[in-house]
Amino acid sequence: MSKKSKKSKKPDNQICSNKKARHEYFIEETFEAGLSLQGWEVKAIRAGKMSITEAYIIFRNGEAFLFGAHIQPLISSSTHVSPDSIRTRKLLLNRREIDKLYGAVNQKGFACVPLSCYWKRSMVKCQIALAVGKKQHDKRKTLKDRDWERDKQRGFKQHLD
């Protein structure tokens, strides 16, 4: 029997994730949104050329857009078009979801950030979240708690051996 290698911890259907968002924000509520993409973008995403670490969500004319997501174009698939790697991409959400997100961002001071992108059937989905920014002491406390949990688990493993 062969064991899976521990190098890749992301699931098979995950394209990319925004680990920085979980460090910078308290996540209040998450939503699933579709992405409106062009053909060359889908091919590049299949090749693993997408990054959302600097991306965020903006609202214009009652619609939500993913701004700052970087999709590096493939040389072979984008010969007939002039690709823009960081163009603004439309998010496909229900009207109620857009209204809820827009109200929370503009009235309550929340931030709307993408957490991850993944495949669902043959479509690209983006998990977005309503979030509140962390202060510096909150970030330190989170790191301290994570280290404590890790040390606690190590201690239990040593006592079991």
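Worth pointing out:
- Glu32 vs. criteria assigned to a helix (DSSP H, G or I), more than 30 Å from His137 (Cβ to Cβ) and of a type outside the set (Lys, Arg): no
- Check on Phe31, under 16 Å from Leu130 (Cα atoms), open to solvent by less than 40 Å² (accessible area, probe 1.4 Å), in contact with a Ser or Thr (Cβ under 7 Å, 6 or more places away or on another chain) and modelled with pLDDT of 90 or more: no
- Summed over segment 38-57, the residues that are loosely packed, with under 15 Cβ neighbours inside 10 Å and not in a loop (DSSP other than H, G, I, E, B) give a count of 2.
- Looking across segment 56-106, the residues that are out of contact with any helix residue (DSSP H, G or I) (no Cβ under 8 Å at 6 or more places or on another chain) and of a type in the set (A, V, I, L, M) come down to Ile58, Leu66, Ala69, Ile75, Ile86, Leu91, Leu92, Ile98, Leu101, Ala104, Val105.
- Scanning segment 1-25 for residues that are hydrophobic (A, V, I, L, M, F, W, C) and either assigned to a helix (DSSP H, G or I) or modelled with pLDDT of 55 or more (or both) yields Ile15, Cys16, Ala21.
- Unmet requirement for Trp148, which otherwise passes all of (1) under 18 Å from the mean Cα position of the chain (by Cα); (2) part of a helix (DSSP H, G or I): (1)
- Answer residue from segment 79-120, given it is among the charged types (D, E, K, R) and either modelled with pLDDT of 90 or more or in contact with a Leu (Cβ under 7 Å, 6 or more places away or on another chain) (or both) and is nearest to Ile52 (Cα to Cα) among those: Arg89
- None of Asn94, Asn106 is under 30 Å from Val42 (Cα atoms) and more than 17 Å from the chain's Cα centre (by Cα) except Asn94.
The values are calculated or read from the model by the stated rules, or taken from the named source; none is laboratory data. In this text, all values refer to a predicted model and were calculated from it rather than measured experimentally. When we count neighbours, we look across all protein chains shown, and the Cβ atoms used for this are built from the backbone with ideal geometry, even at glycine. For accessibility, only protein heavy atoms count, side chains too; no ligands or nucleic acids. Shrake-Rupley method; radii C 1.70, N 1.55, O 1.52, S 1.80 Å.
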